[in-house]
Amino acid sequence: MRVLELAKRRKTVRRFLSERPPKEDLMKAIKAAKEAPSGMNAQPWKFVIIDDEWLKGKIREFCESEEEKFYSRTKGDLMAWLNAKGFKPEKPFLSEAPYLILVFGHTRAPYWLQSTWIAVGYLLLALEELGLGTVTYTPPNPKPVEELLKAPPEYKLQTILPVGYPADPKPKYERRKLEEVVSFNGF
């Protein structure tokens, strides 16, 4: 399938069927993600796949605790948007998805942040091509999860991707028109 078709089709998924996709599909998607370009070819990413129910539950517990703190501090336009969209500190997809893919970046590598997120973009499209859904969930404070997984101090958790077969009926958020996001020879 062509990249544009995948990109147009890909949407955020927070609800999953209970059927567990084959691990080989996750490995295929990560195989594509590792081909992403990176500063000085450092390839600063690390993909940690979680399928253990206890670990998924602990990750959810830590993330929801940090979300509670985040929501208690959040005000204004962001809080209004969260309320309007029905977002809450509870993140059931963290324990209900068959898999979690945690993406870490090696902070001592040049351009580690940009490079890691390019790999995440590749991963999102590869998962879509395989018929798998996900959401890029970034915990407000990744430290408890990093400690749980004994991540080396130079690795920082960038996102958690719950992965499975989609069961989320909501449509993809509308995208802005091309003319709104492109200009030539200046802003």
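Taking the range 60-96 as the range and being on the phi > 0 side of the Ramachandran plot and either modelled with pLDDT of 95 or more or in contact with a strand residue (DSSP E or B) (Cβ under 7 Å, 6 or more places away or on another chain) (or both) as the test, only Gly76 passes. Among the residues of the range 95-105, some residue qualifies, meaning at least one is more than 18 Å from Leu55 (Cβ to Cβ), in contact (Cβ under 8 Å) with a residue 60 or more places away in the chain and crowded, with 19+ Cβ neighbours inside 10 Å.
Residue by residue, here is whether (1) open to solvent by less than 20 Å² (accessible area, probe 1.4 Å); (2) without any contact (Cβ under 8 Å) to a residue 12 or more places away in the chain; (3) over 28 Å from Lys8 (Cβ atoms) holds:
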residue	(1), (2), (3)
Val120	yes, no, no
Val135	yes, no, no
Pro144	no, no, yes
Thr159	yes, no, no
Glu174	no, yes, no
Phe184	no, yes, no
Phe187	no, yes, no
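Within the range 14-53, being over 14 Å from Pro98 (Cβ atoms) and of a type in the set (Val, Ile, Thr) holds for Ile30, Val48.
Test each condition in (1) within 20 Å of Glu64 (Cα to Cα); (2) surrounded by 14 or more Cβ atoms within 10 Å (Cβ to Cβ) for Ala109 and report the one that comes out false. (1) is the only condition that Ala109 fails. Scoring Lys150 on the criteria (1) within 30 Å of Arg108 (Cα to Cα); (2) buried (at least 17 other Cβ atoms within 10 Å of the Cβ) leaves a single failure, condition (2). The residues listed here are Glu128, Glu96, Glu147, Glu90; of these, the one that is over 17 Å from the mean Cα position of the chain (by Cα) and of a type in the set (Asp, Glu) is Glu147.
The values are calculated or read from the model by the stated rules, or taken from the named source; none is laboratory data. Quantities reported herein were computed from a predicted structural model and do not represent experimental measurements. Neighbour counts run over all protein chains shown; Cβ positions are idealised from the backbone, glycine included. Side chains are part of the model used for accessible areas, which takes the heavy atoms of the whole protein and leaves out ligands, DNA and RNA. Shrake-Rupley method; radii C 1.70, N 1.55, O 1.52, S 1.80 Å.
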